[in-house]
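No lab work stands behind these numbers, since they all come straight from the coordinates. Keep in mind the model is a prediction, meaning the values are calculated, not measured. Every residue, glycine as well, gets a Cβ built from its backbone with ideal geometry; the counts of neighbours run over all protein chains shown.
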Amino acid sequence: MGTIIELLPKEYGFVAIVLVLYSFLNFYMAAQVGIARKRYKVPYPNLYASESENKDAKLFNCIQRGHQNSLETMAIFFMLMILGGLKHPSICGGLGVLYTIARYFYFKGYATGDPINRLKIGFHSILIFLFTCFHFVSPVN
């Protein structure tokens with residue numbers, strides 16, 4: 001019996017690299033929220049700024065919401081990358097890069113203060129991830 005590493009496809013490293021890249025993106029977004037928190041004077045423990053108390057509340061809230069949305073989808077993305085990558089590591093790696101880039105532009109657009117500027121291409125990547133996961137667990141191969 002081999003080790004777990006020996007059982008993984010040789011291209012599975014692409015999946016791991018994409019997960020690390022997405023983690024760095026998450027750190028970047030968290031830093032942007034921290035910077036905005038100081039700039040727009042939103043003290044902890046407040047998650048969002050109150051529009052009645054802060055004239056820049058919408059700007060801060062859009063930055064915070066862009067990061068929060070990425071956190072909400074991160075677990076799904078990681079699970080789909082890990083499972084789908086067991087059978088289709090190259091496809092998942094490529095789609096993962098596309099999704100990570102799309103999440104960056106989604107965040108940057110949202111952070112403008114106008115949520116309409118969000119990029120929606122990342123949603124299509126999630127659908128393809130779902131397909132690769134269903135293919136992985138399907139009994140017909």
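Tabulated data
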item: Karplus (6.51, -1.76, 1.60) ³J(HN,Hα), θ = phi - 60°, over region 62-79, in Hz, Gly and Pro reported as x; result: 5, 5, 4, 5, x, 6, 4, 5, 5, 5, 5, 9, 4, 5, 5, 4, 4, 4
item: Packing-based ranking, highest mean first, of 55-65, 17-27 given that Cβ atoms within 10 Å are counted; result: 55-65, 17-27
